[in-house]
1. Do we find a residue being farther than 26 Å from Val133 by Cβ and in contact with a helix residue (DSSP H, G or I) (Cβ under 6 Å, 6 or more places away or on another chain) anywhere in region 25-40?
2. From (1) out of contact with any strand residue (DSSP E or B) (no Cβ under 9 Å at 6 or more places or on another chain); (2) within 24 Å of Gly38 (Cα to Cα); (3) modelled with pLDDT of 85 or more; (4) not acidic (Asp, Glu), pick out the condition that doesn't hold for Asn134.
3. Using beta carbons and a limit of 6 Å, which pairs, at least six apart or on different chains, have the first residue in region 55-78 and basic (Lys, Arg) and the second one surrounded by fewer than 22 Cβ atoms within 10 Å (Cβ to Cβ)?
4. Starting from region 181-210, keep only residues that are of a type in the set (Ser, Thr, Tyr), then list their pairs with residues that are at pLDDT 60 or above whose Cβ atoms are within a distance under 8 Å, requiring at least 6 positions of separation or different chains.
5. Could you tell me whether any residue of region 84-95 is under 24 Å from Arg192 (Cα atoms) and among the aliphatic types (A, V, I, L, M)?
6. Take the conditions modelled with pLDDT under 90, among the acidic types (Asp, Glu), surrounded by fewer than 20 Cβ atoms within 10 Å (Cβ to Cβ) and out of contact with any strand residue (DSSP E or B) (no Cβ under 8 Å at 6 or more places or on another chain) and apply them to Glu191. Does it pass?
7. For a quick check of your reading of the model, give me the residue pairs whose first member lies in region 79-107 and is of a type in the set (Val, Ile, Thr), whose second is surrounded by 11 or more Cβ atoms within 10 Å (Cβ to Cβ), with beta-carbon atoms closer than 8 Å and at least 6 apart or on different chains.
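The values are calculated or read from the model by the stated rules, or taken from the named source; none is laboratory data. If you're wondering where the values come from, they're calculated on a predicted model, not measured in any experiment. Note that we place each Cβ from the backbone using ideal geometry, even for glycine, and neighbour counts take in every protein chain shown.
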Amino acid sequence: MGFLSPDSAFMRGLSNVADAVWINILMLVTSIPLVTIGAALAAGHDAGRRAAIGEGHVTANYFKAFLQNFPKATALWVVFGGVGAGLAYSWIALQITPLLIPKFGLTILWIIGFEWVWALQARFENSVGVTLVNSFIFGVSHIGATAVLVVLDAVYIALLVASWFYMPQGLFLLLVLGYGTMVMLHAPILERVFAKYIDPAEEAGEGDAAAGAAGAGDAAAGAGVGAVSAGGGPRRN
């Protein structure tokens, strides 16, 4: 039957769902120490991107990316995790009217950066500071893509909350699909944006790292976002 063919859209979709579930499980397990959440998020984005294009094995890709990104992603998680915890505390405990506007502004900035920083860490070789700055530059300069990413995550969170209150039996399925599914849905959106900053020759492993960095920097400058990818190019494997 046609739809059961390995190359059919149905089977490719089923394979992507299975990959998303497995990535979600890997992310959950490797996030148990809490301090490793950043590395898990970066590894999930890398494994999800590669799974979407059928590159390699999900488990091998995940743990390779986890180890490769661990130092920098952990530093980024200290920043985002700490600021996120502070914002959560402010919304719960600091019910002070004059703080509403700063809280809204900082929360929006946090969300924008969070949507991009882990994919940038997984995709480009840069210092922690450059990746952090680039997450906000990408988030603002590609505000349409950012909005789509936020809506996807918001819909998932809304489904979790609705399931918790109105259909608890569906909660397990949503948790199994989890953030791994969000990563797989994010991948094509992120890659469409990143394609502007990646030299195809460098991506294919041709040319040296300096040429890749220059190509990424030139592309970013041409797109009007200046410092994006400055000092680094696509992550080499």
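1. yes
2. Every condition holds for Asn134 apart from (1).
3. Listed pairs, sorted by first residue: Lys72/Val128.
4. Final answer for the pair search is Thr181/Val17; Thr181/Ala20; Thr181/Val21; Thr181/Asn24; Thr181/Tyr156; Tyr197/Phe124.
5. Within region 84-95, not a single residue is under 24 Å from Arg192 (Cα atoms) and among the aliphatic types (A, V, I, L, M).
6. Details: modelled with pLDDT under 90: no; among the acidic types (Asp, Glu): yes; surrounded by fewer than 20 Cβ atoms within 10 Å (Cβ to Cβ): yes; out of contact with any strand residue (DSSP E or B) (no Cβ under 8 Å at 6 or more places or on another chain): yes.
No, not satisfied.
7. Val79/Leu132; Val83/Leu106; Val83/Trp110; Thr107/Leu87; Thr107/Trp91
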